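As C-alpha cells, the structure follows; a few thoughts come after it.
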Amino acid sequence: MQQQTPIEEQIDLPFVESLRISFQSLKIRFGRSIITTAGITLGIAFLVSVWTNNEIELALQESGRSSAITNLDEAAEQGISTKDIWLIIMSLIVCVVGIANSMLMAVTERFREIGTMKCLGALDGFVVRLFLLESGFQGFAGALIGALIGLLGAVVLGLKNYGLDLFFYFPLLPAQHENGAFQLGVLLIILFGCILGMILAIIGSSFPAWRAAKLPPAEAMRTEV
Amino acid sequence: MPDIVVKTEDVVKEYRMGSNVLRALDGINIEIERGEYISLMGPSGSGKSTLFNMIGALDRPTEGEVYIDGQNMSHLSQRQIAAFRCHRVGYIFQSYNLLNVRTAHGNVTLPMIFAGIPEKERNEKAEKLLDMVGLGDRMYHLPDELSGGQRQRVAIARALANDPSIVLADEPTANLDTITGREIIDLIKKLNTGQGVTVISATHDLKMLDVSDRIVDIRDGLVERIRNRDEIEIEVGEVGGHE
Ligand SMILES: Nc1ncnc2c1ncn2[C@@H]1O[C@H](COP(=O)(O)OP(=O)(O)O)[C@@H](O)[C@H]1O
Ligand SMILES: [Mg+2]
C-alpha cells in the first residue's frame, strides 16, 4: 500500500456562515417554522396577558381609580393576588411544555437533513449550533408576536374595566409607588417574555439537537418521519 | 504495485434489535484499486448499503478494520472523520438526500463551506459543476422544483464539490426510469474515466454491469464472488439479449 497524505482535521465554521445557513433555512421553511413557533407564541401570549393585566390593575389602583369589577380594598392590600401568581405559573408551565414539544418535533423531522450535513463534512458541534441558532430566532420571534397578542388582550380587558383612563395611567415603564409597591412596567414584561421564549426554545431544542448530532450519519439518514 | 484506495479486513456489522442480533456483514474482505469502477451487486437486504456505510465512514463496523488511503478509519478523531467525509469522499444516494431548504447551487456549495473555501471561489465552482452535469439553467431552483434525474445530477455535482478521490453511490439509479438511469450511469462513468475518480456503487441495476471494472457480488453479508470486466462482458451480451 502506498504512503498517503494523512487525513487533516476538520475546521470550525465561522459564526457568520452558521448564521447565514440558519437564516436561509428559516426563510425557506417559513410556513413550517410558524407552526413550530405557534406553541411559543401561545404560551408567551398567555403569560404576558395575565401579567400585563395585573400591572394595569395595580397601576390604576395606585392612581386611585377603582375598577368596576375588582374589589378595591382587597386588591390594594394584596398587590398581586395569589390567583394571579397561580395563573402566571400555569402559563409558564404551558410555555415550557409547548416549546419543548415543538422543538423535539422540529429536530426529529430533520434527522435526515442532519445525517446529510454530516456526510458533507459538518461537525457535530456545527449541527448543534445550527439548531440552537434557528430555535433561538424562532423563540424570539414567536415570543414577540405572542407578547404583542397578550398585550392587546390585556389592553382590551383594561379598556372594558377602566375606559380611557387606562391610557392615562398605563404602566408602560417601571415605577416605584409611594406605598412601596414596585411595578415592572409593560415594556419590561414584553422584553422578559421575548427573552424567556428564546431561552426556552434554545433549552428545548438543545437536548434533541445534541442527541441527533451524535448519531452516525447512516443512522440519522435511515430515520423516516 | 497496485495502488489500493479501499481495503476492508474481516468487516462485521451487527445490528441489535432488542435481544435479536442481525449480522448484516459477516466478514468482508475486499481491496479496491485507485481509479476502479466497482459495483457491489446483490439482492435487497444482502448488506450492500451496510458495506457502503462502512467504507464511507458513515457508521462504524462491529468488528474488523476499514483502511482508506492506507489510513485505519477506526483510528481517526471526530474532526478527522468529518474532514474525511468532506474532502475525500463524495456520496450519492438512492433518494438523492438533497437539503430541501437549499437551492441546487446551495446544495453544491455546502461541502465547500464546510471546507472553508472562500465565497467567490465556491460559487464559481458550484456553477461550473452544475454546468457540467447539465443543470446550468436550473441552478437556483429548490430540489422540490426538480425532477428525480435532475436531483440526482445535483447530488453528483455536490459529491464532486471538494474533488474527492472516491465517489460512493448507493443505488443511484433505483428511483429513476431506464433512460434517466442510463444518463446518470454515463455521467458517473465519465467522472471515473475522465478524472480518475474511484467509483464504488451499490446497485442491482444491470445497466451498471458494462461500465464496471469489477463486480463484487454480495450475498447474506458475504462476498460471494468477484468478477472482472472480461468475465462480465459475456454476461452483458446475454442480458442485452433478454431486454
Ligand atoms: N440500522 C439498521 N438496523 C437494523 N437492521 C438493519 C439496519 N440497517 C440494515 N439492516 C438490516 O441489515 C441487512 C442488510 O441491509 P442493507 O445493507 O440495507 O441491504 P441492501 O442495501 O443490500 O439492500 C438487512 O436485513 C437490513 O434489514
Ligand atoms: Mg441498500
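We did not get these values from a lab; they are worked out from the coordinates using the rules stated. All figures in this text were calculated on a predicted structure; none of them were measured in a lab. Note that each Cβ is placed from the backbone with ideal geometry, even for glycine, and that neighbours are counted across all protein chains shown.
Please give the average number of partner chain Cβ atoms lying within 10 Å of the Cβ of each residue in A:112-118, rounded to a whole number.
The shielding value for this peptide is 5.
Given axes a ≥ b ≥ c from the Cα gyration tensor, I'd like to know whether the stretch B:121-243 is rounded (a/c under 1.5), prolate (a/b larger than b/c) or oblate.
Verdict is prolate for the stretch B:121-243.
Once you charge only the Cβ atoms, +1 for Lys and Arg and -1 for Asp and Glu, what is the size of the charge dipole of the stretch B:64-219 about its Cα centre, to the nearest 20 debye?
In total the dipole reaches around 280 debye.
Just to be sure I understand: with springs between alpha-carbon atoms less than 10 Å apart, which residue in B:229, B:151, B:219 has the highest mean-square fluctuation in the Gaussian network model of chain B?
With Cα springs under 10 Å in chain B, the top fluctuation among B:229, B:151, B:219 is at B:229.
Please give the net charge around residue B:38, taking every other residue with its beta carbon less than 15 angstrom from that of residue B:38, where Lys and Arg add +1 and Asp and Glu add -1.
-4
Can you pull the Rg over Rh of the protein assembly as shown, Cα-only, Kirkwood?
Radius of gyration relative to Kirkwood radius: 1.16.
Starting from the Cα of residue A:27, draw a straight line to each of the lysines and keep only those under 29 Å, dropping any in the same chain fewer than 8 residues away.
Filter leaves A:118, A:214, B:120, B:125, B:128.
How many percent of DSSP beta bridges within the protein assembly as shown run antiparallel, rounded to 5?
The antiparallel proportion sits near 60 percent.
With the Cα gyration tensor of the stretch B:85-176 giving a ≥ b ≥ c as the square roots of its eigenvalues, does the rule (a/c under 1.5 for rounded; else a/b larger than b/c for prolate; else oblate) give rounded, prolate or oblate?
Numbers: a/c = 1.77, a/b = 1.16, b/c = 1.52.
Since a/c reaches 1.5 but b/c is at least a/b, the shape of the stretch B:85-176 is classed as oblate.
Taking the C-alpha atoms of chain A, how large are the radius of gyration and the largest Cα-Cα span, Dmax, in Å?
23.3, 91
Between the stretch A:146-225 and the stretch B:100-142, what is the C-alpha centre distance in whole Å?
One Cα centre to the other: 39 Å.
Identify, among B:55, B:208, B:161, the residue whose Cα sits farthest towards the positive end of the charge dipole of chain B, taking +1 on the Cβ of Lys and Arg and -1 on the Cβ of Asp and Glu, with the dipole about the Cα centre.
After comparing all options, I get B:161.
Counting pairs of alpha carbon atoms under 8 Å apart in space and at least six apart in sequence, what relative contact order in percent does chain B give?
Computed value for chain B: 27 percent relative contact order.
Work through the residues other than residue A:102 whose Cβ is under 15 Å from its Cβ and net out their charges, Lys, Arg +1 and Asp, Glu -1. Let's see the in-between values first.
Values: positive: A:29, A:32, A:110; negative: A:109, A:134.
Combined, the nearby Lys, Arg, Asp and Glu give +1.
Could you line up B:163, A:124 from fewest to most neighbouring Cβ atoms inside 10 Å?
Ordered by Cβ neighbours within 10 Å, fewest first: B:163, A:124.
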